[in-house]
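Every number here is computed from the coordinates shown, using simple stated rules; none is lab data. On a predicted model such as this, the values are computed, not experimentally measured, just so you know. Every residue, glycine among them, receives a Cβ derived from its backbone with ideal geometry; neighbour counts consider all protein chains shown.
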Amino acid sequence: MSKYPIQKSEAEWKEKLTEEQYRVLRQKGTERPFTGTYNIHTENGTYTCMACDTPLFKSTTKFDSGCGWPSFDESIEGAIEYIRDTTHGMVRTEIVCATCGSHLGHVFNDGPTATGQRYCVNSISIDFEK
């Protein structure tokens, strides 16, 4: 049994998400850099999980890191789960939605703000509410 409050079968996720959303959110894929809707996006509001609508990041925490994916310096408290990721010969910290377990991206300790964090998020993993 999953530890996440929102649970769906893989068939239900495939029905809800597009093929590309499913690949990134449920299979831990990555979108190509500089291609996502929210990479260069400056409206005020809240970024939510594309899979379950949970609020994840406030627009006031977004910054242009130049990495090709939306970047934030902190998440909404309790919205993110952090998982050690040793794939691809690296040690990183994967970030997933704490409500549904969907893959969002990774967080790095190289952010330029006072938090020192850079949440590097796949655009396709998030939605936006004004």
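Considering the range 57-98 alone, what residues qualify as being hydroxyl-bearing (Ser, Thr, Tyr) and within 17 Å of residue 128 (Cβ to Cβ)?
Across the range 57-98, the qualifying residues are 59, 60, 61, 71, 75.
Which of the residues spanning the range 101-130 are part of a strand (DSSP E or B), on the phi < 0 side of the Ramachandran plot and touching a residue at least 24 places away in the same chain (Cβ under 8 Å)?
Answer for the range 101-130, where residues must be part of a strand (DSSP E or B), on the phi < 0 side of the Ramachandran plot and touching a residue at least 24 places away in the same chain (Cβ under 8 Å): 103, 104, 107, 118, 119, 120, 121, 126, 127, 128, 129.
Here's the yes/no breakdown for (1) in contact with a strand residue (DSSP E or B) (Cβ under 7 Å, 6 or more places away or on another chain); (2) surrounded by 19 or more Cβ atoms within 10 Å (Cβ to Cβ); (3) in a loop (DSSP other than H, G, I, E, B); (4) free of Cβ contacts under 8 Å to residues at least 40 places away in the same chain:
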{"site": "42", "(1), (2), (3), (4)": "no, no, yes, yes"}
{"site": "51", "(1), (2), (3), (4)": "yes, yes, yes, no"}
{"site": "68", "(1), (2), (3), (4)": "no, no, yes, yes"}
{"site": "74", "(1), (2), (3), (4)": "no, no, yes, no"}
{"site": "77", "(1), (2), (3), (4)": "no, no, yes, yes"}
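Given the conditions (1) more than 10 Å from residue 122 (Cα to Cα); (2) touching a Gly at 6+ places or on another chain (Cβ under 8 Å), report the number of the one that residue 39 does not fulfil.
Condition (1) is where residue 39 drops out.
Output the number of residues of the range 8-31 satisfying the condition of being touching a residue at least 24 places away in the same chain (Cβ under 8 Å) and either surrounded by 12 or more Cβ atoms within 10 Å (Cβ to Cβ) or assigned to a helix (DSSP H, G or I) (or both).
13
Which residue out of 83, 95 is assigned to a strand (DSSP E or B), in contact with a Ser or Thr (Cβ under 9 Å, 6 or more places away or on another chain) and crowded, with 21+ Cβ neighbours inside 10 Å?
From the options 83, 95, the qualifying one is 95.
If you go through the range 101-110 one residue at a time, do you hit one that is surrounded by fewer than 18 Cβ atoms within 10 Å (Cβ to Cβ) and of a type in the set (A, V, I, L, M)?
No, because not a single residue in the range 101-110 is surrounded by fewer than 18 Cβ atoms within 10 Å (Cβ to Cβ) and of a type in the set (A, V, I, L, M).
Taking the residues in the range 112-126 that are closer than 18 Å to residue 40 by Cβ and among the small types (Gly, Ala, Ser) as candidates, determine which candidate is surrounded by the most Cβ atoms within 10 Å (Cβ to Cβ).
Restricting to residues being closer than 18 Å to residue 40 by Cβ and among the small types (Gly, Ala, Ser), the top hit is 125.
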